[in-house]
Amino acid sequence: MTGAGSPLSLRSRLRSLRSAAFGADSAGERLERIHRSPNFADGVFQNPVGARTRPSGASGIEFAKIYFQKEARARRSPIGTIPVHPTTLADLAAPPASGLRLTWMGHSSVLAEIDGRRVLFDPVWGERCSPYSFAGPKRLHPVPVPLAALGPVDVVVISHDHYDHLDLPTIRALASTDTLFAVPLGVGAHLESWGVPASRLRELDWNESTEVAGIRLTATPARHFCGRGLRNQQHTLWASWVVAGPEHRIYHSGDTGYFPGFTDIGAEHGPFDATMIQIGAYSEYWPDIHMTPAEGMRAHLDLQGGRPSGVMMPIHWGTFNLAPHPWAEPGEGTVEAAAGAGAGLALPRPGQPFEPTGGAVPDAPWWRSVAAPPAGGWPEYAAAAPDALVTSAGTVAATGKPATGKPATGKTEETAESASPA
């Protein structure tokens with residue numbers, strides 16, 4: 001039945017009313033490739049281990065009460081102006097002396113200069129992570145530099161298609177340049193609909209790699225989900241990323257819950273000079289898809305073969321209000337976890353470049369100047385031995401001290417379900 005009143009016609013009309021920001025569905029050879037993926041089963045992409053993606057039933061009602069409570073909402077924002085590094089462009093004018101430099105632009109957006117190449121992870125320059133310009137989470141600090149002033153980028157890497165990682169106006173601006181895009185399987189449909197030529201797409205399944213300008217990019221597993229609409233077909237993959245140059249290796253987690261696969265990624269591709277690890281927007285209402293700071297530190301250690309080597313930079317926090325935890329809690333929790341593990345930590349202000357393997361690494365808790373202090377003031381953390389070996393049981397072997405936070409088990413409590421936009 002295909003008449004004017006048929007369900008098919010209604011669906012077609014509704015689809016035609018969707019904003020361009022919702023992206024496009026895969027079709028043709030791309031869809032066939034999705035169906036052939038070893039990570040696609042029962043009509044959806046699957047997680048390495050099962051994951052709950054959102055609160056449901058009574059827990060959803062409870063979450064809504066907490067999220068919209070006036071006092072709780074106040075704690076989720078800074079009480080002052082977030083300090084943005086003022087001289088980012090000047091600092092980036094000269095190449096990094098060590099060959100590796102990272103610049104956190106806020107949330108999960110990072111410019112990585114590695115062995116003479118420039119990689120831009122999850123660039124979000126828009127004011128809101130939303131399909132709408134008038135609604136949705138608004139950024140809490142300005143972008144440190146205009147996108148047009150950033151200069152040439154060799155490759156843009158996207159971790160998944162949620163709005164706080166894949167931003168329509170940013171992609172359209174980058175589409176007018178010569179940069180290539182490395183994306184998880186299925187995400188290319190969105191980019192093509194926004195003006196990125198297929199010839200500039202490198203669309204990868206987990207554990208597939210591509211070479212760009214002498215560096216190797218590998219899509220590695222993550223524990224998350226996808227979708228840009230209320231009806232989520234799970235037809236785009238999510239990924240973490242390994243970037244390896246002739247001299248340096250870095251890792252970007254994208255969004256992920258903790259799972260045992262970090263150890264496998266580290267064994268295959270590590271150790272890393274620096275890891276960029278998601279430590280914000282976590283909640284007990286979705287414990288499987290975002291990591292707490294303690295879990296993020298455990299993931300970093302897993303990636304480094306159990307030793308606190310390299311530098312961890314916390315990402316996915318500070319820029320957008322996406323969860324019920326206090327604004328400064330991810331930063332504080334990461335400092336505590338790093339101290340317990342004896343791990344090296346980079347804590348740059350938005351826009352502050354640093355070289356993980358050369359020179360001073362910013363490690364001051366800058367957010368304390370603009371956050372409400374807890375009762376009793378800000379804590380001090382005693383660092384564990386820097387050469388400690390962290391075991392899979394979550395203990396620091398060299399000191400006998402327990403690691404911060406409870407170890408995650410990766411136990412599946414519920415299979416993945418359709419999710420609303422991130």
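The values are calculated or read from the model by the stated rules, or taken from the named source; none is laboratory data. All figures in this text were calculated on a predicted structure; none of them were measured in a lab. Reconstructed Cβ throughout: ideal geometry from the backbone, glycine too, with neighbour counts over all protein chains shown. Ligands, DNA and RNA are excluded from the accessible area calculation, which covers all protein heavy atoms including side chains. Shrake-Rupley method; radii C 1.70, N 1.55, O 1.52, S 1.80 Å.
The fraction of accessible area contributed by carbon and sulfur in the range 121-262 is 53 percent, rounded to a whole number (1.4 Å probe; ligands and nucleic acids excluded). If both residues of a DSSP beta bridge must be in the range 175-260, then about 75% of such bridges are antiparallel.
Quick check for me: using +1 on Lys/Arg Cβ and -1 on Asp/Glu Cβ, what's the dipole size of the range 49-187 about its Cα centre, in debye to the nearest 20? I would put it at about 660 debye.
Based on alpha-carbon atoms, the Kirkwood radius and the radius of gyration of the range 59-209 give Rg/Rh equal to 1.01.
Net length available on complete extension from Ser37 to Phe68 is 7.1 nm, with 0.36 nm assigned per residue and the Cα-Cα distance removed.
Between the listed residues Ser133, Leu168, Ser199, the Cα displaced farthest toward the positive end of the dipole of the range 103-222, a dipole computed from Cβ unit charges relative to the Cα centre, is found at Ser133. Between the listed residues Ile315, Leu303, Gly266, the Cα displaced farthest toward the positive end of the dipole of the range 192-351, a dipole computed from Cβ unit charges relative to the Cα centre, is found at Ile315. Annotation: Thr81 carries an accessible surface of approximately 120 Å², with a 1.4 Å probe and no ligand, DNA or RNA atoms counted. For the range 255-349, the spread of Cα coordinates along the three principal axes comes to 35, 26, 21 Å, biggest extent given first. Distance distribution P(r), the range 238-294, all Cα-Cα pairs, bin width 10 angstrom from 0: 22, 52, 22, 4, 0 percent.
Annotation for the range 328-381: chymotrypsin sites (Phe, Trp or Tyr not before Pro) lying in DSSP loop with at most 15 further Cβ atoms inside 10 Å of their Cβ are Tyr381. Placing a label point 7 Å from the Cα of Asp91 along the Cα-to-Cβ direction, the residues of the range 322-362 whose backbone N falls under 18 Å of that point are 345-362. Share of the range 294-385's accessible area from carbon and sulfur, percent, 1.4 Å? The nonpolar share, carbon plus sulfur, comes to 53 percent.
Are there any GluC sites (Glu not before Pro) in the range 231-316 that are in a DSSP loop and have at most 15 other Cβ atoms within 10 Å? List them by number. Those satisfying the criteria are Glu247, Glu284. Using the average count of surrounding beta-carbon atoms within 10 Å as a protection proxy, the listed peptides 161-169, 31-39 rank, highest first, as 161-169, 31-39.
Remark: the range 207-359 carries 27 Å² of accessible area per residue (probe radius 1.4 Å; ligands, DNA and RNA excluded).
So for the range 191-315, what percent of the C-alpha to C-alpha distances run longer than 20 Å? Percentage above 20 Å: 47.
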